[in-house]
Amino acid sequence: MMDKLRKVKASQLARVVTGGFRACTNQKCRTSPARKRACVGPTSKELEVLVVLGWVPYETSLRCLSCLSGDLSNRLLGGCDGPCGATWTLQPRWGEPRDFMLRDLQLRRMFNCGESNVMIRKKITDKSSNLHQQSPLWRNCTNIKTLKQIHASMVVNGFNSNPSALRELIYASAISIPSAINYAHQLFAQITRPDLFTWNTMIRGSAQSPNPIIAVSLYTQMQKRHVRPDNCTFPFVLKACTKLSWVKAGCAVHGKVVKFGFERNSFGRNALIYFHANCGDIRVASELFDGSEKDDVVAWSALTAGYARRGKLGAARKLFNEMPVKDLVSWNVMITGYAKRGEMESARELFDEVPKRDVVTWNVMIAGYVFSGEHERALEMFEEMRRVGERPDEVTMLSLLCACADSGALAIGEKIHCSLLEMHSRGLTILLGNGLIDMYAKCGSIQKALEVFRGMREKDVSTWNSIIGGLAFHGHSEESIRLFEEMRSLKIRPNEITFVGVLVACSHAGEVKQGHLYFKLMRDEYNIVPNIKHCGCMVDMLGRAGKLEEAFEFIDTMEIQPNAIVWRTLLGACQVHGNVELGRRANERLLGMRNDQSGDYILLSNIYASQGVWDGVETVRKLMDDSGVRKEAGGSLIEHEHKYSGASQVAISTEGEIAKSNNVDIGVGYE
């Protein structure tokens, strides 16, 4: 393209810059002097120069395509040969020759392939800032690597300041590619005067992201910059408030909706119903619902979902049964309500009644079984899904990976991994990669987890957290710490979960000094306030290293109240190192918080027994009996033909068969 620009004669470029366009040769314009005077345009070569230079703004004004040569117009219009109504209607301001406007065409595609890879598409007549149709170039942009390549091409070819191109770039990074939302924020910060579509796109993408608070922050910035919102702005802000359960903020947004006159707009009203039904005032939601159209199925579904989320399944089912028309969303909402409450039998009944299911319907059932701990049923549902020909999506596979991770079904997890490689030949998404790492780590195959990690092209902080934590819990402390340092060298900001994994690694490796350094680093450099898990890791680290007095002092100086797990961690360390006195003190604190856990008594009993203090053993046993606490029998998980079942009080015979035994209790100092 730039070679073409160099070949353009100086006179042609001068005519472009000064606005010296040739008159139209269209027959209609010849018969109409008025139109002929108004209808002028650049030659095909001149227009190409304008496009290359980036001087063709987002808004265009073309009338009479015969002003252009056939080849160039076809390239610009993406192959449109016939009349399309997009024509030059230039109203030139000769004093400002570069300010001609293109009204009915949009610059859509930049430098994809071929001689002149720019496409201009007719702009839709609806001026809504929410409607959006992507060109083939952007539809093929499915990952952040491709996004960055397109962005680089825009900068090189002078399109980085083109409003239409920026719109597409922001839309792709904020919505089309969920993992690129941070990249979208970086781009957005460089736009001096974003238009309403760009604001709405950023608010929408942020509301759908894991950090919806940014959507509310963007709306606040929008207000400060006096950008007037439209009916598409508030639903996204309300969605963010719903996810955050920010009732006061949502009510304030409700006031703004009324102020700007969007309360009667179905889009805004339904968003208000959903907000109030889920976390606001259910009475307000009901009043808004009563004022809506009775055949508005979205309003019915929003109120039904609100009742279901509040646990009022009776009211939700009554409303569901009264629906004049039930679409698939309505069915999915009701099934989801039962699944989230763990009532899988009721969910299955509705599932069997659905006239026509989609992938969401199947996903709800699979996720519901996983949530309820019925992992085998979840896998059976997946097999049924495949038998009827329904194609699983990313959500399906993530639920299945979760089921395999929780149940330890490594063999099934490996089969799912193979299926994922067939479904995603171009590479796994970040979420699927993270799910595989988590599954392999929890199933004990840490080498497979490392292979998935190293094979991922794109990683986020959760990816690093999964592998760092997996390595730490499997005793690969040095590798875990090495990856953490690599993460920091790549300028990836760790979060509180990252430091839990690192502190566990330091604990297992006995690196007390390094653990203290990381604990200080977390607070001082990354401004992360230590939570109870971080403190528990520090107590565990000190306890494993035998620094029991220091661990006790650490607990006493904690800024947050220690919980039972912290005291039990110290009690376990006292048992390992045989410190009776500190064990007794830790047990007193522990029993002061709870006295119904048999393990708390048995730990202290074992400490006394290891030191031969049998009076102490008897005292603990009597205290346990007086409290009415009974030790539960142990259990095992048995795998047979990739199926799992629980077996209590089991023992493995020498022949490898599973045989029931009498009550078996393995413990020191307590029967």
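Number of residues in the stretch 607-622 that are open to solvent by less than 80 Å² (accessible area, probe 1.4 Å) and either free of Cβ contacts under 8 Å to residues at least 60 places away in the same chain or not in a helix (DSSP H, G or I) (or both): the value is 7.
In this structure, does THR304 turn out to be under 30 Å from ARG269 (Cβ atoms), in contact with a Leu (Cβ under 6 Å, 6 or more places away or on another chain), assigned to a helix (DSSP H, G or I) and free of Cβ contacts under 8 Å to residues at least 60 places away in the same chain?
Details: under 30 Å from ARG269 (Cβ atoms): yes; in contact with a Leu (Cβ under 6 Å, 6 or more places away or on another chain): yes; assigned to a helix (DSSP H, G or I): yes; free of Cβ contacts under 8 Å to residues at least 60 places away in the same chain: yes.
Taking the combined requirement at face value, the residue satisfies it.
Residue-wise test of (1) surrounded by 16 or more Cβ atoms within 10 Å (Cβ to Cβ); (2) at pLDDT 95 or above; (3) more than 28 Å from the chain's Cα centre (by Cα).
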{"residue": "LEU490", "(1), (2), (3)": "no, no, no"}
{"residue": "THR498", "(1), (2), (3)": "yes, yes, no"}
{"residue": "HIS508", "(1), (2), (3)": "yes, no, yes"}
{"residue": "PRO530", "(1), (2), (3)": "yes, no, no"}
{"residue": "PHE552", "(1), (2), (3)": "yes, no, yes"}
{"residue": "PRO562", "(1), (2), (3)": "yes, no, yes"}
{"residue": "LEU570", "(1), (2), (3)": "yes, no, yes"}
{"residue": "ALA573", "(1), (2), (3)": "yes, no, yes"}
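Restricting attention to the stretch 310-325 and to residues that are hydrophobic (A, V, I, L, M, F, W, C) and within 29 Å of the chain's Cα centre (by Cα), the residue that is least open to solvent (accessible area, probe 1.4 Å) turns out to be ALA316. Can you name the residue in the stretch 424-473 that is under 16 Å from GLU394 (Cα atoms) and of a type in the set (S, T, N, Q) and, of all such residues, is modelled with the lowest pLDDT? Per the criteria, the residue is SER425. Of the helices (runs of 4 or more DSSP H) contained entirely in the stretch 387-466, those carrying at least 3 residues that are within 16 Å of ILE366 (Cβ to Cβ) and touching a helix residue (DSSP H, G or I) at 6+ places or on another chain (Cβ under 7 Å) fall at 394-407, 410-423, 430-442. One residue stands out in the stretch 439-461 among those that are under 17 Å from PHE473 (Cα atoms) and among the aliphatic types (A, V, I, L, M): the one that is surrounded by the most Cβ atoms within 10 Å (Cβ to Cβ), namely MET439. For the stretch 335-359, the set of residues classified as closer than 23 Å to GLU394 by Cβ, assigned to a loop (DSSP other than H, G, I, E, B) and open to solvent by 40 Å² or more (accessible area, probe 1.4 Å) consists of LYS356, ARG357, ASP358, listed by residue number.
Hey, can you tell me all the residues within the stretch 279-315 that are in contact with a Phe, Trp or Tyr (Cβ under 6 Å, 6 or more places away or on another chain) and β-branched (Val, Ile, Thr)?
Taking the stretch 279-315 as the starting set, the residues that turn out to be in contact with a Phe, Trp or Tyr (Cβ under 6 Å, 6 or more places away or on another chain) are 299, 302-304, 315.
Answer for the stretch 279-315, where residues must be in contact with a Phe, Trp or Tyr (Cβ under 6 Å, 6 or more places away or on another chain) and β-branched (Val, Ile, Thr): just THR304.
When GLY435, GLY389, GLY408, GLY413 are checked against the criterion of being without any contact (Cβ under 8 Å) to a residue 40 or more places away in the chain and surrounded by fewer than 23 Cβ atoms within 10 Å (Cβ to Cβ), GLY389 stands alone in meeting it.
Going by the conditions given, is SER346 at pLDDT below 90, of a type outside the set (D, E, K, R) and within 28 Å of PHE289 (Cβ to Cβ)?
The answer is no for SER346.
For the subset of the stretch 179-189 comprising residues that are over 17 Å from MET222 (Cβ atoms) and free of Cβ contacts under 8 Å to residues at least 60 places away in the same chain, which member is least open to solvent (accessible area, probe 1.4 Å)? The extreme case among them is ALA180.
Are any of the residues in the stretch 575-583 within 20 Å of SER610 (Cα to Cα), over 40 Å from the mean Cα position of the chain (by Cα), assigned to a helix (DSSP H, G or I) and of a type in the set (Gly, Ala, Ser)? Yes, the stretch 575-583 has at least one match.
Examine the stretch 340-349 for a residue that is under 24 Å from LYS318 (Cβ atoms), of a type in the set (A, V, I, L, M, F, W, C) and touching a residue at least 12 places away in the same chain (Cβ under 8 Å), and state whether such a residue exists. Checking the stretch 340-349: at least one residue is under 24 Å from LYS318 (Cβ atoms), of a type in the set (A, V, I, L, M, F, W, C) and touching a residue at least 12 places away in the same chain (Cβ under 8 Å). Is it the case that some residue within the stretch 361-370 is farther than 30 Å from VAL253 by Cα and of a type in the set (Phe, Trp, Tyr)? Scanning the stretch 361-370 turns up at least one residue that is farther than 30 Å from VAL253 by Cα and of a type in the set (Phe, Trp, Tyr).
The values are calculated or read from the model by the stated rules, or taken from the named source; none is laboratory data. All of these numbers come straight from a predicted model, not from anything done at the bench. Here the Cβ is made from the backbone with ideal geometry for all residues, glycine too, and neighbour counts use every protein chain on show. Heads up: the accessible areas ignore ligands, DNA and RNA and are worked out on the full protein's heavy atoms, side chains in. Shrake-Rupley method; radii C 1.70, N 1.55, O 1.52, S 1.80 Å.
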